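K.L.:
Pasting a structure below so you can have a look.
The values are calculated or read from the model by the stated rules, or taken from the named source; none is laboratory data. Every value quoted in this text rests on a predicted model; they were computed, and no experiment measured them. Here the Cβ positions follow ideal geometry from the backbone for every residue, glycine too, while neighbour counts run over all protein chains shown. Areas reflect the complete protein model, heavy atoms only, side chains present, ligands, DNA and RNA absent. Shrake-Rupley method; radii C 1.70, N 1.55, O 1.52, S 1.80 Å.
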Amino acid sequence: MSAGAPSPVPGPLDGGALERRYRRLLGLYPPSWRAGRLEEVLAVLLACAEPDRSWPAVRDGADLVRHALAERVRL
């Protein structure tokens, strides 16, 4: 992992690979955003995911990255 890359966000859920990958994407959001929303957003993403999925959908991943960058710019 490079010095500028976010570390995975730890949490109580244990959804396996998909959860870890969503946490990594959510780690792109600013800490102030994650503090109040992370677990709820993660729970929704996991609940909406197709069964037996181990990778986020390309569209979901792109949306998370785009919105994370917008949040960082907004701050």
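K.L.:
Examine region 4-15 for a residue that is small (Gly, Ala, Ser), modelled with pLDDT under 90 and open to solvent by 80 Å² or more (accessible area, probe 1.4 Å), and state whether such a residue exists.
P.N.:
No: region 4-15 contains no residue that is small (Gly, Ala, Ser), modelled with pLDDT under 90 and open to solvent by 80 Å² or more (accessible area, probe 1.4 Å).
K.L.:
Related question: Give the number of residues within region 38-57 that are assigned to a helix (DSSP H, G or I), surrounded by fewer than 13 Cβ atoms within 10 Å (Cβ to Cβ) and within 13 Å of the chain's Cα centre (by Cα).
P.N.:
Residues in region 38-57 being assigned to a helix (DSSP H, G or I), surrounded by fewer than 13 Cβ atoms within 10 Å (Cβ to Cβ) and within 13 Å of the chain's Cα centre (by Cα): 2 in total.
K.L.:
Just to be sure I understand the filter: pairs with C-beta atoms under 8 Å, separated by 6 or more residues or on different chains, first member in region 42-56 and free of Cβ contacts under 8 Å to residues at least 60 places away in the same chain, second member among the acidic types (Asp, Glu). Which pairs pass?
P.N.:
From residues that are free of Cβ contacts under 8 Å to residues at least 60 places away in the same chain, the pairs are LEU42/GLU19; LEU45/ASP60; LEU46/GLU19.
K.L.:
Which condition number does LEU75 fail, the rest of (1) open to solvent by 100 Å² or more (accessible area, probe 1.4 Å); (2) out of contact with any Phe, Trp or Tyr (no Cβ under 9 Å at 6 or more places or on another chain); (3) at pLDDT below 95 being met?
P.N.:
Going through (1) open to solvent by 100 Å² or more (accessible area, probe 1.4 Å); (2) out of contact with any Phe, Trp or Tyr (no Cβ under 9 Å at 6 or more places or on another chain); (3) at pLDDT below 95 one by one, LEU75 breaks only (2).
K.L.:
Can you tell me which of (1) open to solvent by 30 Å² or more (accessible area, probe 1.4 Å); (2) more than 18 Å from HIS67 (Cα to Cα); (3) touching a residue at least 24 places away in the same chain (Cβ under 8 Å) is the one LEU18 doesn't meet?
P.N.:
The one condition LEU18 does not meet is (1).
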